[in-house]
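Working notes, structure below.
The values are calculated or read from the model by the stated rules, or taken from the named source; none is laboratory data. What you are looking at is a predicted structure, and each value in this text was computed from that prediction instead of being measured. Every residue, glycine as well, gets a Cβ built from its backbone with ideal geometry; the counts of neighbours run over all protein chains shown. Note: accessible area is taken over every heavy atom of the protein model, side chains too, but ligands, DNA and RNA are not part of it. Shrake-Rupley method; radii C 1.70, N 1.55, O 1.52, S 1.80 Å.
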Amino acid sequence: MKRHGFVNWIKHILSTIDTSHREQAAGLTEFEARELENIFVLLLMGSFTGIPAPPSFIAAELLPHLQHEIKVLKFRAENASDSLAEMAGLLGID
Amino acid sequence: MKVLFFTGKGGVGKSTLSAATAWQLSQTGYCVLAVSFDPAHNLGDIFGVKLTHKKKKFTKNLYLQEIDLETAASEYVRTNVSLLTEVYGYLQSFNMDKYFKVLRFSPGIEEYAALTALEKILKNEVSKYDYLVIDTPPTGLTLRMLALPRITLTWVDQLIRLRKEILNKRYTIHNLKGKYEPRGVQLAYKEEDDPVIRKLFQLREKYSEVNDILQGEKNSVAIVFNPDYLSLRESERLIKGLKDLQFPLRVAFNNKLTDENNEIALEVEAKLLSAGCPKRIERVPLIPHKGISGYMIEHNLTASFL
Ligand SMILES: Nc1ncnc2c1ncn2[C@@H]1O[C@H](COP(=O)(O)OP(=O)(O)OP(=O)(O)O)[C@@H](O)[C@H]1O
Ligand SMILES: [Mg+2]
C-alpha cells in the first residue's frame with residue numbers, strides 16, 4: 001500500500017516535470033512561431049517597412065487570410081522592447 | 001503557338017519588322033496574332049487601320065491588337081482593390097474609383113498590367129494561332145515585364161518556405177499542448193488547412209506556367225539594332241538583361257543597312273556577338289523612303305522563325 005503510494009508519487013513528479021518541460025518547450029516554440037508570423041507579414045508589407053516589396057498582387061491575394069498574423073504584427077510593434085525580456089523568461093534567465 | 005518578341009532601342013525598326021514578319025507569316029498560311037505592347041502604338045498606323053484593346057481581323061488568318069496599357073493598368077488596380085473590398089467591405093465607402101486614375105501611376109503598375117495582358121493572351125489564344133508576334137514597349141519596361149514572373153516566383157518560394165516553418169512550429173505546439181488556439185482562434189497547422197499556403201501554391205503554379213512559356217522552346221526573342229553606336233550600347237544592355245532572365249534570344253536583325261554604313265555595321269555585329277548576341281544575324285537593308293509601305297517589305301524575315 002505504502003509502496004504503491006510512493007510509485008504514484010514518483011509518477012506524479014515525473015509527469016509534472018514532463019508537463020513543465022512540455023510547457024516550456026511549447027512556450028519557446030510559440031515565441032518562435034510568433035516571430036516568424038511577424039516576419040511573414042512584414043515581408044508582405046515591404047512598402048510599409050521600406051524594404052523591397054514583393055509584387056503587390058501577392059499581398060492582395062494573401063491579406064484576407066492574415067488576420068492572425070496582423071494581430072501578431074500589432075502586438076509585436078507594441079511590445080518590441082519586451083521581446084528580449086520575454087525570451088529571457090522563456091529560457092529561464094533572470 | 002510560337003511567341004516572337006521584337007525588342008530593341010527606340011526607332012530601330014521593331015514595329016516595322018514585327019508587322020512585316022506577322023504579314024509574311026500570314027501570307028505563308030499561318031494563323032497569326034500581332035500584338036503591340038508599346039504604349040506609343042503604331043501597329044494600326046502601319047497596317048492603316050484603327051485598332052483597339054480588342055483584337056481585330058485584318059485578313060482571314062491575321063489578327064491585330066494594340067494593348068491599351070492605361071486600361072490594363074486600371075483593370076489591374078480594380079481587380080486587386082476588389083480582392084480587398086470583398087473582405088473589407090467598408091473599403092467600398094472610400095469610393096476607391098476616385099483614386100483609380102492616380103493609382104495606375106503607382107510604381108510597378110505598368111509592368112503588372114502589361115504582364116496580366118500578356119498572360120491573358122497566352123491563356124486564351126494558344127490554340128487559335130500558330131504565331132503570336134509581339135511589338136514590345138521600351139526596353140526598361142519590357143525587361144521589367146519579362147522579369148516579373150521570375151521575381152514573383154522568387155518571392156513566392158521564399159514565402160512558402162517561411163510559411164512551412166510557421167506551420168511546423170504550430171504543429172509542434174499542437175503536439176506539445178494538445179491544441180494551439182491563441183486568443184481562442186484555431187490556427188491551421190497542416191498545409192491542407194492553411195488558406196495562405198494554398199494561395200501561395202496557386203500563385204507558384206500560375207507563374208511557373210507563364211515563366212515556362214517565356215523561357216521555353218516555343219518562345220523567341222528577336223533583337224533589332226541599327227549600325228550605330230547608340231543602338232549598340234542599348235543592345236548590349238538588352239542582351240545582358242535577357243541573359244540574366246534566361247530568355248531565349250534567338251535572332252538578331254541588323255536593320256537599315258546601306259553601302260555607306262557597311263563598315264560600322266560589321267563592327268557593331270562583332271561587338272554584339274562577343275556580348276552574347278545570337279549567331280543568327282539577319283541583315284535588312286535600308287529601304288528607300290518610297291519603298292516602305294506599311295507592313296510590306298520585300299526582304300524575307302520569316303526564315304528564323306519557322
Ligand atoms: N529597313 C528599313 N528601311 C527604311 N526605313 C525603315 C526600316 N526599318 C524601319 N524604318 C523606318 O524607321 C522608322 C522607325 O521604325 P519603327 O517605328 O519600326 O521603329 P520602332 O523600333 O518600332 O520605334 P519605336 O521605339 O518608336 O516604337 C520608321 O519611320 C520606319 O519606317
Ligand atoms: Mg514601335
query = Name the residues in segment B:209-227 that are at pLDDT 95 or above and out of contact with any Lys or Arg (no Cβ under 8 Å at 6 or more places or on another chain), would you?
reply = B:I223
task = Being in contact (Cβ under 8 Å) with a residue 12 or more places away in the chain and over 17 Å from B:D212 (Cβ atoms) is the filter here, so list the residues in segment B:109-124 that pass it.
result = B:I109, B:E110, B:E111, B:Y112, B:A113, B:A114, B:T116, B:A117
key: Considering residues of segment B:126-160 that are more than 14 Å from chain A (Cβ to nearest Cβ) and part of a helix (DSSP H, G or I) only, the residue farthest from B:P39 (Cα to Cα)   = B:L143
query = How about chain A: which helices (runs of 4 or more DSSP H) wholly inside it have at least 3 residues that are at pLDDT 80 or above, away from chain B (no Cβ under 14 Å) and open to solvent by 50 Å² or more (accessible area, probe 1.4 Å)?
reply = A:2-44
task = Sort out which residues of segment B:212-223 are crowded, with 19+ Cβ neighbours inside 10 Å and not in a strand (DSSP E or B), and write them in order of number.
result = B:I213, B:L214
message = When you check B:K169 against the structure, is it away from ligand 1 (no atom under 16 Å from the Cβ) and crowded, with 19+ Cβ neighbours inside 10 Å, yes or no?
response = yes
message = Just to be sure I understand, how many residues within segment B:180-192 are closer than 30 Å to A:S20 by Cβ and surrounded by 10 or more Cβ atoms within 10 Å (Cβ to Cβ)?
response = 9
query = Of all residues in segment B:252-270 being away from ligand 2 (no atom under 16 Å from the Cβ) and within 20 Å of B:K14 (Cβ to Cβ), which is farthest from the other protein chains (Cβ to nearest Cβ)?
reply = B:T258
inquiry  = If I ask for residues that are more than 10 Å from every other protein chain (Cβ to nearest Cβ) and open to solvent by 40 Å² or more (accessible area, probe 1.4 Å), which ones from segment B:193-211 would you list?
reply    = B:D193, B:F201, B:R204, B:E205, B:K206, B:E209
task = For segment B:1-92, please list each of the helices (runs of 4 or more DSSP H) lying entirely inside it that holds at least 1 residues being within 22 Å of the chain's Cα centre (by Cα) and away from ligand 2 (no atom under 16 Å from the Cβ).
result = B:14-27, B:69-87
request  = Output the number of residues of segment B:7-24 satisfying the condition of being touching a Lys or Arg at 6+ places or on another chain (Cβ under 9 Å) and more than 18 Å from B:L69 (Cα to Cα).
outcome  = 4
Residue, most open to solvent (accessible area, probe 1.4 Å), within segment B:122-148, restricted to residues that are out of contact with any Lys or Arg (no Cβ under 8 Å at 6 or more places or on another chain), more than 16 Å from ligand 1 (Cβ to nearest atom) and modelled with pLDDT of 95 or more = B:K128
ask   = Among (1) within 8 Å of chain A (Cβ to nearest Cβ); (2) part of a loop (DSSP other than H, G, I, E, B); (3) out of contact with any helix residue (DSSP H, G or I) (no Cβ under 7 Å at 6 or more places or on another chain), which single condition is B:Q186 missing?
value = (1)
query = Does segment B:61-84 contain any residue that is more than 14 Å from ligand 1 (Cβ to nearest atom) and loosely packed, with under 14 Cβ neighbours inside 10 Å?
reply = yes
key: Every residue from segment B:246-274 that is open to solvent by less than 60 Å² (accessible area, probe 1.4 Å) and in a loop (DSSP other than H, G, I, E, B)   = B:F247, B:P248, B:T258, B:N261
